[in-house]
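Bear in mind that the values in this text are calculations on the coordinates, not laboratory data. Everything quoted here is computed from the prediction, not taken from an experiment. Cβ sites come from the backbone with ideal geometry, for glycine too, and all protein chains shown count toward neighbours.
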Amino acid sequence: MRRLKFATGSLTTRECEALMNALPIEVTFVDRLDRIKYFNKPKDRIYARDKKLINSRIQKCHTKESLDMVEELMSKFKSGAKDMAEFWKKEGERIRYSRYIAVRDEDGRYLGTLEATQDITEIKKIDGERRTLVWNES
């Protein structure tokens, strides 16, 4: 089985895919040419994704109303002017939180954009501390 080697260890491709799908967030990677290259498949998906999106330009996946914002975000990331943008919105009783993060190599060159989205409804309810093991019913 093929191993992916990182600076901090290595994983098989099977382990890497399982790890990405186990994350409690949706992850999408858009390369430096604005093409969707990857998305994970978490258990509780928020936004529908189809494999047909792979290699599509990110601009084609957004509404006309959000296109100017997408273009500005990508432009600022590519130029190095910005590294992250955050958005959140209520959808019914749920709160969706998305972060867009510029991905750069060790020399600071722009490689693409990471989109990380999660439902933070339950997180926002947290108060105090939990320092003991409590099994959630899920």
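Amide H contacts of Lys82: Phe77, each under 5 Å away and 5 or more positions distant or on a separate chain (H built 1.01 Å from N in the peptide plane; Pro and chain starts excluded). Within the listed set Ile126, Ile54, Ile95, the Gaussian network model of the chain (springs between alpha-carbon atoms below 10 Å) gives the highest mean-square fluctuation for Ile126.
Under 5 Å between amide hydrogens, built in the peptide plane, is the criterion, and for Ile95 it picks out Ile120, Thr121 among residues at least 5 positions away or on other chains. Annotation: amide H of Arg104 within the under-5 Å range of Leu111, sequence separation 5 or more or interchain, hydrogens built in the peptide plane.
Residues Ile58, Ile123, Ile46, ranked from the fewest to the most other C-beta atoms within 10 Å, line up as Ile123, Ile46, Ile58. Counting beta carbons within 10 Å around each of Tyr47, Tyr97 and listing the fewest first gives the order Tyr47, Tyr97. Between Ile54 and Arg94, the modelled labels are 2.5 nm apart [label points 7 Å from Cα along Cα→Cβ]. Of all the options Ala48, Ala18, Ala116, the one that moves most in a Gaussian network model of the chain with Cα springs shorter than 10 angstrom is Ala48. Near Ile95: Cβ cut-off under 15 Å, other residues only, Lys/Arg at +1 and Asp/Glu at -1. The net charge is 0. Exposure proxy ranking for Glu71, Glu93, based on other Cβ atoms within 10 angstrom of each Cβ and starting from the fewest, stands as Glu93, Glu71. Panel note: the C-alpha atoms of the chain, placed on their principal axes, show extents of 45, 43, 31 Å (largest first). The separation of the range 1-60 from the range 98-138, counted between C-alpha centres, amounts to 15 Å. In a fully extended conformation the segment linking Glu86 and Asp119 would gain 10.5 nm over its present Cα-Cα distance, using 0.36 nm per residue.
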